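First the structure, in the form of structure tokens, and then the observations on it.
The values are calculated or read from the model by the stated rules, or taken from the named source; none is laboratory data. Keep in mind that this is a model prediction, so the values were computed, not measured. A quick note on method: Cβ atoms are made from the backbone with ideal geometry, for glycine too, and the neighbour counts reach across all protein chains shown.
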Amino acid sequence: MRTIIVIAIGIFTFFALVQAEQSRLEHVTAKPEVLESKPFAEHYVVFHISTDDASIQELVLNNAQNLSSHYGVDSVAIEIVAYGLGLRLLFKENEQAKRIKSLAASGIRFSACENTMQKMKRTSRDLVSVAETVPTGVARIVELQEAGWAYIRP
Amino acid sequence: MRTIIVIAIGIFTFFALVQAEQSRLEHVTAKPEVLESKPFAEHYVVFHISTDDASIQELVLNNAQNLSSHYGVDSVAIEIVAYGLGLRLLFKENEQAKRIKSLAASGIRFSACENTMQKMKRTSRDLVSVAETVPTGVARIVELQEAGWAYIRP
Amino acid sequence: MRTIIVIAIGIFTFFALVQAEQSRLEHVTAKPEVLESKPFAEHYVVFHISTDDASIQELVLNNAQNLSSHYGVDSVAIEIVAYGLGLRLLFKENEQAKRIKSLAASGIRFSACENTMQKMKRTSRDLVSVAETVPTGVARIVELQEAGWAYIRP
């Protein structure tokens, strides 16, 4: 009888510990589902651009590129979320369009806010081809932070 | 005797595990005490406004409103912390005063920095009636982040 | 025999719990190694400055000083990371140089981005003497956030 109790406690303890550790690891390493493209990323960074100040729009691209060089393209997941007047960074006619395409080719993700697009009466066809869209830019930034991403607002 | 040891270890293990899990959950879900008003919130977002640029002051209100619409008023806790020149957003005479009252009515919290108020020689009576005050705006933003809130600086 | 099993389980359980708690605490309290200077800090805050707007450069210094006063110098670790045009805050000839030295004396850390220095053809000798350098300013900010630091972009 006592032997059974001992074994039962042992088994219970073992699984409880395994479970506790798993749920801890799940929390610690929780990352959003967008990352099939970056299976080896060790750093996750979301950039916020909501101004049409050309020098800040250029800075956000410089920052993303420097981070990629610093860590290596495969070691860092980067997403640039554009909304408000910052959406203009992703307009086809923006002078940075060519550079954006080249950064996207290296795995940097560009997200345009659909709320802003509607307000500005723009559709996906008005955006640089590599841009993806998200329903609400600011909610996207919130959710990436919730998933453990670092946040940079240049 | 051995039975007592077995039971003692069992009880110890059980409470130790319960305790470990509780302290883990406390950390993971720790939220500041301000939230009696939002018992069902699933998202927590603090906005930083420290500029008197009218377009950024309007943007921060737009962002807060869009987040509320996106998640639903009860699912997101939002606090806008104003300090430095950004305090002017909360002045009674600001053109956004009416809109701020309406956003506050929907549960968005507005916090004015008392440090800044003192520097600008303003009292609570100079602020829009729904504004609350905090001793140091930047410390408020730090503490909300420490409690797991996402941070947005439009 | 059963006694040995009981004791073995007890020992195993004890160390497993200690280990689980330690790894939890390590995660929760993980802080970068820069903090020998602030062994009693309870708050960790990184400030981002990437603009040469003089009013924002002054604001970032005010914010750091207010945080120090609010929590007490020993209770808060503060690092100001300057990159892009924000690097100019750390130039020797900046009008804030004297104030920066005094803030550094109270334990606030100033980090200059080497990437930016190279681009601007500046060396450490062009910077205020208390400034330290980091290879990539934006990566520094990312890593401090990963280590649990709050982020403020005035």
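It is to be established whether one or more residues within the range A:110-117 are surrounded by fewer than 15 Cβ atoms within 10 Å (Cβ to Cβ), of a type outside the set (Phe, Trp, Tyr), more than 22 Å from A:Val73 (Cα to Cα) and within 13 Å of chain B (Cβ to nearest Cβ).
Within the range A:110-117, not a single residue is surrounded by fewer than 15 Cβ atoms within 10 Å (Cβ to Cβ), of a type outside the set (Phe, Trp, Tyr), more than 22 Å from A:Val73 (Cα to Cα) and within 13 Å of chain B (Cβ to nearest Cβ).
From C:Phe91, C:Phe47, C:Phe14, which residue is hydrophobic (A, V, I, L, M, F, W, C) and at pLDDT below 95?
Numbers: C:Phe91 fails: at pLDDT below 95; C:Phe47 fails: at pLDDT below 95.
C:Phe14 is the lone residue from the list that is hydrophobic (A, V, I, L, M, F, W, C) and at pLDDT below 95.
Find the residue count for the range B:47-67, including only residues that are more than 9 Å from chain A (Cβ to nearest Cβ), surrounded by fewer than 19 Cβ atoms within 10 Å (Cβ to Cβ) and in contact with a Leu (Cβ under 8 Å, 6 or more places away or on another chain).
Of the residues in the range B:47-67, 2 are more than 9 Å from chain A (Cβ to nearest Cβ), surrounded by fewer than 19 Cβ atoms within 10 Å (Cβ to Cβ) and in contact with a Leu (Cβ under 8 Å, 6 or more places away or on another chain).
Do we have A:Gly148 as within 14 Å of chain C (Cβ to nearest Cβ), surrounded by fewer than 19 Cβ atoms within 10 Å (Cβ to Cβ) and among the small types (Gly, Ala, Ser) here?
The answer is yes for A:Gly148.
For the range A:118-132, which residues satisfy the criterion of being buried (at least 16 other Cβ atoms within 10 Å of the Cβ) and under 14 Å from the mean Cα position of the chain (by Cα)?
A:Ala131 - this is the single residue of the range A:118-132 that is buried (at least 16 other Cβ atoms within 10 Å of the Cβ) and under 14 Å from the mean Cα position of the chain (by Cα).
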